[in-house]
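Peer 1: I am attaching a structure below and will ask some questions about it afterwards.
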Amino acid sequence: MTQEFQTKVKNLVELLGLNEPSVDFDAENRKVIVFANEGEWIKKHLPFLVSDLERMVNMLSKKHGQEETIFIDVNNYRKERENLIVELAKAAARKVLATKVEVRLPAMNAYERRLVHVELSARPDIKSESMGEGPDRYVIIKPL
């Protein structure tokens, strides 16, 4: 991430009008971490803010000749969501082993489905598969 790109991302975040925003860059992991003091408003809109800001930053990135995807996290939303998805996968795996019946997880985006598959890939007693189409795509966990 060039200094020019980082400056433009900071300007974009400032244009959002967030209270006291701070922007940090983790170039190695291609992440932009934003913290803002917004109270309850931001909690309600955080999923959309993260998604939309990520879309804009990646458009800006492509304009600057960078092809790799950049991930955005605002107020640790993505980090907490990742932890939630991993815990959901572990709980579903335990249920599958206890009941010997497959478990269908809710629809998830590609990144979240990948988290589930990676988390469960080392388990020799279960199998995970993605099913469905588009935004309705989900993971099924099956006993072996």
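Peer 1: Residue by residue through region 14-25, note down the ones that are surrounded by 13 or more Cβ atoms within 10 Å (Cβ to Cβ) and at pLDDT 90 or above. Before you say what the answer is, go through the steps one by one.
Peer 2: Taking region 14-25 as the starting set, the residues that turn out to be surrounded by 13 or more Cβ atoms within 10 Å (Cβ to Cβ) are 16, 18, 21, 23, 25.
Once the filter is applied, which keeps residues that are surrounded by 13 or more Cβ atoms within 10 Å (Cβ to Cβ) and at pLDDT 90 or above, region 14-25 yields 23, 25.
Peer 1: Okay, moving on. Return the only residue of 49, 97 being free of Cβ contacts under 8 Å to residues at least 60 places away in the same chain, over 16 Å from residue 31 (Cα atoms) and either surrounded by 12 or more Cβ atoms within 10 Å (Cβ to Cβ) or basic (Lys, Arg) (or both). Walk me through it before giving the result.
Peer 2: Working: 49 fails: over 16 Å from residue 31 (Cα atoms).
Within the list 49, 97, the selection yields 97.
Peer 1: Among helices (runs of 4 or more DSSP H) lying entirely in region 35-144, which contain 2 or more residues that are in the same structural domain as residue 20 (by TED's automatic domain parsing) and aromatic (Phe, Trp, Tyr)?
Peer 2: Numbers: elements: 40-63, 77-99, 110-120.
Result: 40-63.
Peer 1: Also: Is there a residue in region 41-59 that is of a type in the set (Gly, Ala, Ser) and over 18 Å from residue 111 (Cα atoms)?
Peer 2: Taking region 41-59 and keeping what is of a type in the set (Gly, Ala, Ser), we get 51.
Adding the requirement that they be over 18 Å from residue 111 (Cα atoms) leaves none.
No: region 41-59 contains no residue that is of a type in the set (Gly, Ala, Ser) and over 18 Å from residue 111 (Cα atoms).
The values are calculated or read from the model by the stated rules, or taken from the named source; none is laboratory data. Note that this is a predicted model, so its numbers are computed, not measured. Don't worry about glycine lacking a Cβ; one is built from the backbone with ideal geometry, like all the others, and counts go over all protein chains shown.
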